[in-house]
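Data block below; observations after.
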Amino acid sequence: MSIHPSAIISDGAQIHESAVIGPGVVIGPNVKIGKGTKIGPHAIIDGVTTIGEDCNIFAGASIGLEPQDLSYKDEPTGVIIGDRCTIREYVTIHRATKEGFTTLGDDSFLMNYVHLAHNCQVGKHVIMANAASLAGYVEVGDYTVMSGFVIMHQFIRIGRFCMLSGMTGSRLDLPPFSTLDGRPAMFRGVNSVGMKRARIAPNVRTAIKEAYRIIYRSGLNISNALARVEEEIEQHDEVKEIIAFFRTTKRGVAGAMAEGEGEDEEGGIVPSKQRRDYGALTESGAGAV
């Protein structure tokens, strides 16, 4: 075990013998740090926090401290971080409020100044660029990518394989396998590049694209659109996932850009210059403009 002499390690902390703890690091009594993990200078780790194997946590990161929630009453909550995660300088990951854990899945990469608020549940292989921020109780699916300065409202869900452009903001759920941007966030097309990299079969990618054409371009309310997707589109697991996502939304799902004149080379839906806000897509309809 390599622990710098200036580090402050509380009694009770469990640190694997192969971990590396840098200068000025502060580690609380209920922290567990896994095999091969490196903690950079002046990082602070507290709460009931577990960090997996082979993670790389850079200078000034703050993990497991009290949530920014006025209702928090010092409950013994914490943070769980998976294996092989990279957490860059000054990232903040707050422990859960009331009960449970804030979680970050394996192989995720959080760049400088990213913020995960209390009770966020972030999946595997998620990338968040500089200063992207999630409010409390946000759920993020695997393989989602958020560009810089993205900001998400509390309690929303972000599906798998989403791609969010810089400064996107949303108070509504964001559907899986999609690309989105703007404030409010708007559906722009399917995330063909991400799905190709994940080796999702071409026929499945086509089914996903056609499902979204029905949902966003048919003019049907969402209940009828989903029924039509079930009738007309081959029911791959990914298509079922899209249907389930819309049917289980509590906040509504982000609307779409206005229909464009064609498709881009990656299979996305090209928006026209004029933006049309369909509002929150819910079971009762397309929402108010």
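When region 142-194 is filtered for residues that are of a type outside the set (Gly, Ala, Ser) and either surrounded by fewer than 20 Cβ atoms within 10 Å (Cβ to Cβ) or in the same structural domain as Lys209 (by TED's automatic domain parsing) (or both), the ones remaining, listed by number, are Asp142, Phe149, Ile151, His153, Gln154, Phe155, Met167, Arg171, Asp181, Arg183, Pro184, Val193. Residue count for region 81-130, restricted to those that are closer than 21 Å to Gln154 by Cβ, in contact with a Phe, Trp or Tyr (Cβ under 6 Å, 6 or more places away or on another chain) and buried (at least 20 other Cβ atoms within 10 Å of the Cβ): 2. Checking each residue in region 22-39 for being more than 18 Å from His94 (Cα to Cα) and assigned to a loop (DSSP other than H, G, I, E, B) picks out Gly22, Pro23, Gly24, Gly34, Lys35, Gly36, Thr37.
Looking at Gly123, Gly166, which is the one that is in contact with a Gly (Cβ under 6 Å, 6 or more places away or on another chain), within 22 Å of Ile80 (Cα to Cα), in contact (Cβ under 8 Å) with a residue 24 or more places away in the chain and not polar (S, T, N, Q)? Please lay out each step first, then the result.
Numbers: Gly166 fails: within 22 Å of Ile80 (Cα to Cα).
Answer to the check: Gly123.
What about Asn130, is it under 16 Å from Leu104 (Cα atoms) and assigned to a loop (DSSP other than H, G, I, E, B)? Walk me through it before giving the result.
On the way: under 16 Å from Leu104 (Cα atoms): no; assigned to a loop (DSSP other than H, G, I, E, B): yes.
Spelling it out, it is not the case that Asn130 is under 16 Å from Leu104 (Cα atoms) and assigned to a loop (DSSP other than H, G, I, E, B).
Checking Thr103 against (1) out of contact with any His (no Cβ under 7 Å at 6 or more places or on another chain); (2) of a type in the set (Val, Ile, Thr); (3) part of a loop (DSSP other than H, G, I, E, B), only one condition comes out false. Which one? Going through the list (1) out of contact with any His (no Cβ under 7 Å at 6 or more places or on another chain); (2) of a type in the set (Val, Ile, Thr); (3) part of a loop (DSSP other than H, G, I, E, B), Thr103 breaks only (3).
Residues checked against (1) assigned to a strand (DSSP E or B); (2) modelled with pLDDT under 95; (3) under 27 Å from Gly36 (Cβ atoms); (4) out of contact with any Ser or Thr (no Cβ under 9 Å at 6 or more places or on another chain):
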position: Gly60; (1), (2), (3), (4): no, no, yes, yes
position: Asp69; (1), (2), (3), (4): no, no, no, no
position: Tyr72; (1), (2), (3), (4): no, no, no, no
position: Val79; (1), (2), (3), (4): yes, no, yes, no
position: Arg84; (1), (2), (3), (4): no, no, yes, no
position: Glu89; (1), (2), (3), (4): no, no, yes, yes
position: Ala96; (1), (2), (3), (4): no, no, yes, no
position: Glu99; (1), (2), (3), (4): no, yes, no, no
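Could you list all residues from region 40-58 that are under 18 Å from Leu110 (Cα atoms) and part of a loop (DSSP other than H, G, I, E, B)? Residues satisfying the conditions are Gly40, Pro41, His42, Ala43, Gly52, Glu53, Asp54, Cys55, Phe58.
Which ones in region 133-161 are assigned to a strand (DSSP E or B) and without any contact (Cβ under 8 Å) to a residue 40 or more places away in the chain?
So the first thing to find is which residues in region 133-161 are assigned to a strand (DSSP E or B), and the list is 133-134, 139-140, 145-146, 151-152, 157-158.
Scanning region 133-161 gives Ser133, Leu134, Glu139, Val140, Met146, Ile151, Met152, Ile158.
Inclusion of Gly268 among residues that are modelled with pLDDT under 95, surrounded by 14 or more Cβ atoms within 10 Å (Cβ to Cβ), closer than 24 Å to His125 by Cα and touching a Ser or Thr at 6+ places or on another chain (Cβ under 8 Å) is warranted. Residues in region 26-53 that are closer than 19 Å to Ala96 by Cβ and touching a Lys or Arg at 6+ places or on another chain (Cβ under 9 Å): 7 in all. Quick test for you: out of Leu220, Leu226, pick the one residue that is without any contact (Cβ under 8 Å) to a residue 12 or more places away in the chain, of a type in the set (A, V, I, L, M, F, W, C) and not in a strand (DSSP E or B). Of Leu220, Leu226, the one residue that is without any contact (Cβ under 8 Å) to a residue 12 or more places away in the chain, of a type in the set (A, V, I, L, M, F, W, C) and not in a strand (DSSP E or B) is Leu220.
The values are calculated or read from the model by the stated rules, or taken from the named source; none is laboratory data. Predicted model, so just to flag it, every value in this text is computed and none were measured. As a convention, Cβ positions derive from the backbone with ideal geometry for all residues, glycine included, and neighbour counts pool all protein chains shown.
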